[in-house]
2 protein chains.
Amino acid sequence: MTKARKAILEALKASVQPVTAMMLAKEPSLSYDQATVYRNLHYLEELGMAQSFILHCSEHGTERYYSYRGADSGIHHHWFHCEKCHRFIDLGSCGYDEQMHAWEKKWDFTITDHTFFLTGICSACKA
Amino acid sequence: MTKARKAILEALKASVQPVTAMMLAKEPSLSYDQATVYRNLHYLEELGMAQSFILHCSEHGTERYYSYRGADSGIHHHWFHCEKCHRFIDLGSCGYDEQMHAWEKKWDFTITDHTFFLTGICSACKA
DNA sequence: GGAAAATTTGCGAATGACTTGCAAATTTGT
DNA sequence: ACAAATTTGCAAGTCATTCGCAAATTTTCC
């Protein structure tokens, strides 16, 4: 595993919030080329050490957000996104496995991935 | 309501599958400028007559897909996307209202929108 | 440990979805 | 039908993300 790879993985692991490739590329302590960051995030996601979702918000546009995912403990996280302060709240795993299974049976398709997240106004921003 | 607007809304209503702005812009029977198509899709979504979601698939990249939504009957649809044949299956409304409410209570945030869809291989493509 | 093979990096340029400024055309209000 | 308001087409711009390629790093094998 290369230096860049390791550093990016550590940054992901250390971050409480999901981050974009650009955020990591601009992080002074990393200072890897954006292409390198993008490539390594892809790589880490393929390995199953990172997970991502695409979010569009009026203020930041459309971007892919990455978060850490333990190699084995592989919990698929879902998030709430506050449109005001742009912070994320980790909702944990969605627990829809049963529902998914029901759908697979009903329609006879095979689910390889699911996307789920919420947007709204967080507690702090409501006040 | 302008001619373009009406035509685009009709196209949406007529389409069984969610469509992208580009698909509509390239549709010979419509032949409106892409800017016009994009602007009107935004407009229709604001009105509540269209709904959309952003999907990334390896073959077609990242694009926003629109579908018709009756002005009042406003059912929020969710979809399964087949990665092979690129067709969508309408799953109807997700029926997670209770779960959402539970989350709102637990975290004290207000949900204004939710994104949910599945990807995988459809029945036909498995065979 | 070191040289060759394989992979990765940085840079700059390209891609592709989507947006925007602006003048001309259409629609609306009266 | 006329003036005001909105929308359209066009061309150029924006922005996240990707790609080609030569140089640098990592891995492999002896």
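The values are calculated or read from the model by the stated rules, or taken from the named source; none is laboratory data. None of the values given here were measured: they were computed from a predicted structure. Every residue, glycine among them, receives a Cβ derived from its backbone with ideal geometry; neighbour counts consider all protein chains shown. SASA here: full protein model, heavy atoms, side chains in, ligands and nucleic acids out. Shrake-Rupley method; radii C 1.70, N 1.55, O 1.52, S 1.80 Å.
Of all residues in the stretch B:23-46, which are within 25 Å of B:His81 (Cα to Cα) and either within 14 Å of another protein chain (Cβ to nearest Cβ) or away from DNA strand C (no atom under 12 Å from the Cβ) (or both)?
Across the stretch B:23-46, the qualifying residues are B:Glu27, B:Tyr38, B:Leu41, B:His42, B:Leu44, B:Glu45, B:Glu46.
Of everything in the stretch B:80-127 that's among the aromatic types (Phe, Trp, Tyr) and closer than 21 Å to A:Glu98 by Cβ, which residue is farthest from the other protein chains (Cβ to nearest Cβ)?
So the residue we want is B:Tyr96.
Kindly indicate whether any position in the stretch B:54-61 is assigned to a strand (DSSP E or B), within 14 Å of chain A (Cβ to nearest Cβ) and near DNA strand D (Cβ under 9 Å from one of its atoms).
yes
Pick from B:His101, B:His114, B:His86, B:His76: which is assigned to a loop (DSSP other than H, G, I, E, B), open to solvent by 20 Å² or more (accessible area, probe 1.4 Å) and under 28 Å from A:His81 (Cα atoms)?
B:His76
Tell me which of these B:Thr20 doesn't satisfy, since it passes every other one: (1) closer than 27 Å to B:Ile121 by Cβ; (2) more than 10 Å from DNA strand C (Cβ to nearest atom); (3) within 15 Å of the chain's Cα centre (by Cα).
(2)
Search the stretch A:1-29 for residues being open to solvent by 60 Å² or more (accessible area, probe 1.4 Å) and part of a loop (DSSP other than H, G, I, E, B), and hand back the single one that is farthest from DNA strand D (Cβ to nearest atom).
Only one residue fits best here, namely A:Val16.
Among B:Tyr32, B:Tyr38, which is the only one that is open to solvent by 20 Å² or more (accessible area, probe 1.4 Å), part of a loop (DSSP other than H, G, I, E, B) and at pLDDT 95 or above?
On inspection, the qualifying residue turns out to be B:Tyr32.
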